[in-house]
Amino acid sequence: MASTWTNAELRLMATGENDNTWGDQTNYNLQRVDDMVNAYIGVTLSGATKTLDFSNDPTSYTQENGRCKILNFTGSPGATCTVTFPNKKMWYYVLNNTGDAKVLFALQDQVQLTL
């Protein structure tokens, strides 16, 4: 039986799966949880759009800005910039430190919030 994945893309391993690598897979899950609970990351905006990173069914760990709890947007988009969040049920703390009030945040591709 193969792994299944939660809404937050945490890997749920089947019994007997990932012999000799289950410890690594568990640690990757814990790192993802830590990102969702505690991580602060800077995201530079420089154009009209930005889509946050969030991998589906990941088998290794890489910190992704769309999985981090606190997002500090910086840069100088120069015009309206639309930021698209992953279509996941998650909460974010968003800091708009771009110096530009024209940043549009599209949350879960459904709700829009202008800061």
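Here are some notes:
- Test: residue in segment 42-53 that is among the acidic types (Asp, Glu) and either loosely packed, with under 12 Cβ neighbours inside 10 Å or farther than 28 Å from residue 98 by Cβ (or both): no
Quick grid of which residues meet (1) in a strand (DSSP E or B); (2) in contact with a Pro (Cβ under 9 Å, 6 or more places away or on another chain); (3) touching a residue at least 40 places away in the same chain (Cβ under 8 Å):
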site: 55; (1), (2), (3): no, no, yes
site: 58; (1), (2), (3): no, no, yes
site: 61; (1), (2), (3): no, no, no
site: 66; (1), (2), (3): no, yes, no
site: 73; (1), (2), (3): yes, no, no
site: 78; (1), (2), (3): no, no, no
site: 87; (1), (2), (3): no, no, no
site: 91; (1), (2), (3): no, no, no
site: 95; (1), (2), (3): yes, no, no
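- Of the residues making up segment 1-30, those that are in a helix (DSSP H, G or I) and surrounded by 15 or more Cβ atoms within 10 Å (Cβ to Cβ) are 25, 28, 29.
- Search result, residues across segment 77-95 that are in contact with a strand residue (DSSP E or B) (Cβ under 8 Å, 6 or more places away or on another chain) and modelled with pLDDT of 85 or more: 83, 84, 85, 92, 93, 94, 95
The values are calculated or read from the model by the stated rules, or taken from the named source; none is laboratory data. Just so you know, these numbers come straight off a predicted model, no measurement behind them. Note that we place each Cβ from the backbone using ideal geometry, even for glycine, and neighbour counts take in every protein chain shown.
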